[in-house]
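The values are calculated or read from the model by the stated rules, or taken from the named source; none is laboratory data. This structure is a prediction, so every number in the text was calculated from the model and none was measured. Here the Cβ positions follow ideal geometry from the backbone for every residue, glycine too, while neighbour counts run over all protein chains shown.
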């Protein structure tokens, strides 16, 4: 027996995140580096501990090695309690066979016994690919006050973007009367953030029903939530104000990083926990131009930097110029290289005088422009030019 | 002999008299250094990296900051079932007056340890060493005692103890405060010795009222098989304010950083969850080491800046060591200062030390 936990959080971290292309070739989306020293998963995990939630299950499926290793025993997030903490939960074999997680709801269904151990009153379902800071207690209070079976966090999005989201249409009291998944003509701008609080008793029942329905695709958004609404359960939208970003695409990942450099964006990194690099402070050489950037420990900066983010242990050679780019841990930018509007993944090597990416102003046709991505551990040879919008997944040399 | 058969014992108050202001409210071991470290991180990480899994740190006074820094020891991976780090404060009203008395008082702790060897060290040595080679040579030489030394200049204000050894490393003589020109074989105050022998020798010294540790070591050379082992690689002893200033500034050298902060033998320190350092639109930085959690809006040149420091717009800071969470106001003009933790310097202040005389600003000072 283990002591009861009022709330158990389950983080959905199994998706491939195929829209991030080469960045998620060898790791799951929640393990993608973010913000100079974090990985995306640090945000939901830190939110949990800062909200006093001490039992967290992370549902992993796609390429879990990096994520598993990173989470470890959960100590960096204080999630290494005696009776609670963080666990990575992969699909497993049981009597009667083994199943992959066929959908978000199925992933929770297969771990009902994990949740039951804690005998919780509530289960908090989170996504492992969102950047935001939130006190889940406020949402829980809202859930309790409304005597809801399910509460969904919602954020007001610009009208023109609303059709990209799941829209929650609500009554005046906040109760939901309709789900509108990516509507062509949205009735409101109340977008679901993919953060759900369920009363465990109710959810447990619906998960079992859902698993027994052969026609279901075992997804919260498509199946479980609509079924609950049809059954007349009390479901509420919790209005969240603050910074929130789904970083599922290269553009949104790049933008969210750049948001950290914008003093007008309300995302600060206080009390976001992570594993810390064991490296000395970073070094800035003489004659370097350095503006509006974030730099982690262990970097050696000999070149110019503006509107950029350097992760731990990055080397920037003399005369190199980095502009509006994200350089992930251990990458090397050689002398004279120019990196603009790019994401350079871990341990990539950009050769001398190579040019990676371009300023959107310098491109004639805006449709040809996009953020350039260099995959991890790749070598871009000296003098190679990598065009904007390119996604590089193999080494490049200048053709002779 | 095996590394995990060695008990590490570190003196936390090395050279505290000559480090003056820096050790006014803290032990030498917990003096901030190199931007994000404390002095003891070097020797403690070396021990942890060499499988010396059980370490005692002798604390004489002012050890709050040391306790805070060491915590459970988990930052050095020294908080396991089979490893640990303990702070050993004076107890039962006994003062730790000198090394011999201190070690005598701690004989219970030392004898209860399961390890069969003791590795003594000072806390103010800056180096990155794999002790296993020393352990190996100790057993190959069938030595009773092995002294760790370095051929180097005598650091300022340090009373030198030097070793003379033959061509196989056997120590012939130990000199206390000899006249030294240029380099000498400087004993680093660190030695390896069998535990039982060590306890016997300390008890004997007490009974003979021999309370000078250096003189005791000098005497051992005649009676026991004492060998010397030269510390490979870079080594600094932080013995004075000037040495402290000089060492910090020497970290601008990339090769030295590479040698001290090795990838497979990291120097660990207490973890603080700082965000990466943020540089504002008006920042200008030259030849400086800057830690995470800082916000730099002003001009910085030749500085070592610790965690969480804020340098505001228009401030010009050069040749300074700035410790954690200090705030420097707008349009300040500062040079050659050692600014301690949590200092607040308000706007428009000008303060200057000199290269040969950096001025220390006390912890938590508020300069209005």
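Structure data summary
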quantity: Of residues in the stretch A:251-268 being in a loop (DSSP other than H, G, I, E, B) and either touching a helix residue (DSSP H, G or I) at 6+ places or on another chain (Cβ under 7 Å) or closer than 20 Å to residue A:32 by Cα (or both), the one farthest from the other protein chains (Cβ to nearest Cβ); calculated: A:265
quantity: Search result, residues across the stretch A:269-286 that are without any contact (Cβ under 8 Å) to a residue 24 or more places away in the chain and more than 7 Å from chain B (Cβ to nearest Cβ); calculated: A:270
quantity: Enumeration of residues in the stretch A:31-44 that are in contact with a helix residue (DSSP H, G or I) (Cβ under 6 Å, 6 or more places away or on another chain) and part of a helix (DSSP H, G or I); calculated: A:31
quantity: Filter result for residue B:124 (touching a strand residue (DSSP E or B) at 6+ places or on another chain (Cβ under 9 Å) and over 22 Å from residue B:200 (Cβ atoms)); calculated: yes
quantity: Matching strands (runs of 3 or more DSSP E) fully within the stretch A:114-226 where at least 2 residues are over 30 Å from residue A:273 (Cβ atoms) and in contact (Cβ under 8 Å) with a residue 60 or more places away in the chain; calculated: A:166-170
quantity: Flag if residue B:206 is touching a residue at least 40 places away in the same chain (Cβ under 8 Å), touching a helix residue (DSSP H, G or I) at 6+ places or on another chain (Cβ under 7 Å) and within 30 Å of residue B:288 (Cβ to Cβ); calculated: no
quantity: Some residue of the stretch A:280-296 being at pLDDT 95 or above, within 20 Å of residue A:157 (Cα to Cα) and not in a helix (DSSP H, G or I); calculated: no
quantity: The stretch B:34-54 residues that are within 21 Å of residue B:258 (Cβ to Cβ) and away from every other protein chain (no Cβ under 12 Å), paired with ones that are surrounded by fewer than 24 Cβ atoms within 10 Å (Cβ to Cβ) and modelled with pLDDT under 95 (beta carbon under 6 Å, 6 or more apart); calculated: B:50/B:3
quantity: Residues that are in a strand (DSSP E or B), within 19 Å of residue B:141 (Cα to Cα) and free of Cβ contacts under 8 Å to residues at least 40 places away in the same chain, drawn from the stretch B:158-176; calculated: B:164
quantity: Of residues in the stretch A:59-101 being within 14 Å of chain B (Cβ to nearest Cβ) and surrounded by fewer than 19 Cβ atoms within 10 Å (Cβ to Cβ), the one nearest to the chain's Cα centre (by Cα); calculated: A:72
quantity: Enumeration of residues in the stretch A:367-395 that are buried (at least 19 other Cβ atoms within 10 Å of the Cβ) and either touching a strand residue (DSSP E or B) at 6+ places or on another chain (Cβ under 7 Å) or within 15 Å of residue A:346 (Cα to Cα) (or both); calculated: A:371, A:372, A:373, A:374, A:375, A:376, A:378, A:380, A:384, A:386, A:388, A:392
quantity: Positions within the stretch A:33-58 being more than 20 Å from residue A:195 (Cα to Cα) and more than 14 Å from every other protein chain (Cβ to nearest Cβ), in sequence order; calculated: none
quantity: Residue identified as under 25 Å from residue B:276 (Cβ atoms) and in a loop (DSSP other than H, G, I, E, B) among A:73, A:47; calculated: A:73
quantity: Residue count for the stretch A:287-309, restricted to those that are surrounded by fewer than 22 Cβ atoms within 10 Å (Cβ to Cβ), at the interface with another protein chain (Cβ under 9 Å from one of its Cβ atoms) and on the phi > 0 side of the Ramachandran plot; calculated: 2
quantity: Failed condition for residue A:312, given (1) crowded, with 18+ Cβ neighbours inside 10 Å; (2) more than 9 Å from every other protein chain (Cβ to nearest Cβ); (3) assigned to a loop (DSSP other than H, G, I, E, B); (4) within 22 Å of the chain's Cα centre (by Cα); calculated: (2)
quantity: Subset of the stretch B:23-33 (residues that are within 13 Å of chain A (Cβ to nearest Cβ) and closer than 14 Å to residue B:237 by Cα); calculated: B:33
quantity: Number of the condition not met by residue A:104 [criteria: (1) over 18 Å from the mean Cα position of the chain (by Cα); (2) surrounded by 21 or more Cβ atoms within 10 Å (Cβ to Cβ)]; calculated: (1)
quantity: Residue within the stretch A:357-366 that is assigned to a strand (DSSP E or B) and surrounded by 22 or more Cβ atoms within 10 Å (Cβ to Cβ) present; calculated: no
quantity: Residue match in the stretch A:90-103 (condition: over 28 Å from residue A:217 (Cβ atoms) and in contact (Cβ under 8 Å) with a residue 60 or more places away in the chain); calculated: no
quantity: Count of residues meeting criterion [within 12 Å of another protein chain (Cβ to nearest Cβ), assigned to a strand (DSSP E or B) and out of contact with any helix residue (DSSP H, G or I) (no Cβ under 7 Å at 6 or more places or on another chain)] in the stretch A:315-346; calculated: 2
quantity: Lone unmet requirement of (1) away from every other protein chain (no Cβ under 12 Å); (2) closer than 22 Å to residue B:40 by Cα; (3) in a loop (DSSP other than H, G, I, E, B) for residue B:338; calculated: (3)
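Quick grid of which residues meet (1) surrounded by fewer than 20 Cβ atoms within 10 Å (Cβ to Cβ); (2) modelled with pLDDT of 95 or more:
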site: A:134; (1), (2): no, yes
site: A:138; (1), (2): yes, yes
site: A:152; (1), (2): no, yes
site: A:185; (1), (2): yes, no
site: A:189; (1), (2): yes, no
site: A:198; (1), (2): no, yes
site: A:206; (1), (2): no, yes
site: A:227; (1), (2): yes, yes
